[in-house]
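Worksheet for the structure shown next.
The values are calculated or read from the model by the stated rules, or taken from the named source; none is laboratory data. No experiment lies behind these values; they were computed from the predicted model shown. For neighbour counting, all protein chains shown are included, and Cβ atoms are generated from backbone atoms with ideal geometry for every residue, glycine included. Protein only, heavy atoms only, side chains kept; ligands, DNA and RNA dropped before computing areas. Shrake-Rupley method; radii C 1.70, N 1.55, O 1.52, S 1.80 Å.
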Amino acid sequence: MDDFVGVNPANLEELTKRLHRLHEVLSRNGPLIRQTMQQWGSEVGFAPLTRLTEAAMDDARDMRARTARARDLANQKGWDPATLRPQGEWVLTGLPPRYLDLDWAATGQSGTQAVQDVQALNDVLDAASDGSEKARPGVAQPSQSARLTQLAQRITEHLGDKDYLATFWAEGGAAALRAASTLYEGPGGSLPSADSVNLLQALGASLAAASRMRTGTGKDSGPVLSAQTRAAITKNSDPWSTGMLFKYGPDGKSWDHRLLAEVTRSMLDARAAGKTQVGPADRALPVHSGDQQALADFDPVVAVLDRAAENGVAARHVLGDQASGLKYAKMLVSDDWRTLGYDGYSTDTPRRGPLQVDMSAHPAGFIKAAVSAERGATEDAKESAWSVVNIVQATAEFAKLHPGEVLPHPIRQSLIHAADRYLPDLAASVEGYGNKVLPLNDQPDAPWAAYVNHTKLKAFLKQALHDPKDLGSFQGKMEARISASVAASIRNPGQNYLRQMGGLNGMIATVEKDLNFEGAQLRDQKAQRLKTLLSIVSGGYGALSFSDAFGKGTTSQVFVAMAQPPANDSISTDNAVNALKVGEDEFRETLLNVKIPVIQGLVGAGVVKLPPDTAWYKDGAIIPDAELTNWYNAHERVVYGDRRLGEWVADARHAMEVQR
């Protein structure tokens, strides 16, 4: 090649340091310079400043790679990199060389830098595994801590470099996948040190960046991570080390959703096979009372579940797959999400005990993410709907296999979340559809609807609503949804949403009867229902909101609007709401008596036009008072939509009273 130049390693190292200092100065002061000059009305363009900052970083990285290569060449020749004199005993036979011949262009390329960092990664892992510092002859080596820190910094600097990432993971994937276990087995044999964590964070960020990148264009385009590398990640014989890359890696949205789904499936399969111990493959963490939280914090399965839940789409790939989603839903809808038990004597088998740490919040978060796609006709919405179908079936299967057992509270909360988001689908399912996902009314481009077997639906609801307060809250949200049902029935006369809601209320009534709450539990249920309903109607939640409601696609628009939960986590059922509560009989007869939700729905549908100065209607919410009662009495026989106001109230009361 004709790109060889004469270099001195010591001079290159000094140049590298200066370039790094230049980048640090530009990074630190560039924003301040820009802000100050703009405040003074400067017309100078600052776009070059950003490019110069980026170029300084690129130059520093390139120069560091050339420095490392020059030092290697000097060592190969037996020369001291600092002086270019022979190492050890030597006799002066002439002047030492002034420089080395270095391929300047090749050593500045990202691939070469990646190869050097892969070698550095192997070096630090080898040193950690045998507790030694494998110094190269004649070269003063930094401490293991410094080497870990420097390597982490170099890897992090290349998160946007496709060539570097492709080479690093092709050449160093195997080393990265054993990093956590090797560092754990190093001197002291403890959980990862702060320096080790820095390296695992860098490796996780690098893998996440590589998972989302593609190289080339057009027909030559392809993923940065090869099929072999992806297979190695998902089929690693050491699931714990793989899981730690995800634990210490970035938020799930930074990962490729397909890779996250693949790894999630492999982790759940490994867990089912009993191969996901906490710690290296050949040296699990000891199980005793002091390590229970460590077992929870370093579980590889929950680490991956958390990232997939943060991503959302990945969770829906797993549970929304028609072929395998039910299999994984059964693994998640379970009561075995806890650390190993400990009785003080033996640790050979898992068992329940007071020292265990409940980890069910992790699968619960995954389940919530799996059913939380925006409703519509997209593939993501379809997978979300299938996730609901599979979760309902998995819950029914759990109830069948474990009669009398109750799922952990976080998982039951995730089931309630699914029911809340797919309430119109479940209400229609009561009429009998089987387990399937179909376009609404079989119309093209209609939103995907999830239908489930009504027997399995009852088992699902019985598990989800096992707590009296949860049942009361869900009943209150259903009653508040009457307003949306009324509005939807007006805007889409072809569907009787009130009848469907009444059918679901009837099923919940049978669930309530089976649960047979008494005494304090029954009082808790009723109080929570009233508080939730009051909170929603007094807060104006649940109104239908969409454009062109009577135009093309009205049915789909109404369905999607109906599928929006009437309340969210911010809804208040505190003392402010309690102040509105009166005795149940008075509440039903004088305050609500179904009238408020019905009027709310008619206003939302646009068929009731209220003057802007209406005292009992402010900011989208009805404020019950004597004036509201007078207004109702004066308008009870007025026709809104296709029936009189009094008839709307009677129909809605029937739909609500079915459950009482």
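On segment 489-529, 45 percent of the accessible area sits on carbon and sulfur atoms, based on a 1.4 Å probe.
Averaged over residues, the count of other Cβ atoms within 10 Å places the peptides 322-328, 423-429 in the sequence 423-429, 322-328, highest first. Within the set Lys327/Lys368; Lys469/Lys595; Lys330/Lys469; Lys400/Lys531; Lys436/Lys462, which residue pairs have Cα atoms separated by over 29 Å? Flagged as over cut-off: Lys400/Lys531. Sorted on the mean count of surrounding Cβ atoms within 10 Å across their residues, most packed first, peptides 271-280, 360-369 read 360-369, 271-280. Within straight-line reach of Lys235, meaning a Cα separation under 17 Å, sit the following lysines at least 8 residues removed in sequence or on another chain: Lys275.
Computed from backbone phi with θ = phi - 60° and the Karplus coefficients 6.51, -1.76 and 1.60, the 3J(HN,Hα) list for segment 208-214 is 4, 5, 5, 5, 9, 9, 10 Hz; x is used for glycine and proline. Residues whose amide H lies under 5 Å from that of Ile622, counting only those 5 or more places away or on a different chain, are Gly540; hydrogens are built 1.01 Å from N in the peptide plane. Accessible surface of Glu397, taken over heavy atoms with a 1.4 Å probe and every protein chain present, rounds to 60 Å². If R0 is taken as 30 Å, the Cβ-Cβ distance between Ala626 and Gln521 corresponds to a FRET efficiency of 0.25. Distant-in-sequence amide contacts of Thr215, defined by a placed amide H-H separation under 5 Å and a gap of 5 or more residues or a different chain, comprise Gly222, Val224.
Database remark: amide H of Ala449 closer than 5 angstrom to the amide H of Leu438, Leu440 (H placed geometrically; neighbours at sequence offset of 5 or more, or on other chains; Pro and chain starts carry no H). In this calculation the C-beta distance from Arg212 to Ala509 is compared with R0 = 56 Å, giving a FRET efficiency of 0.70.
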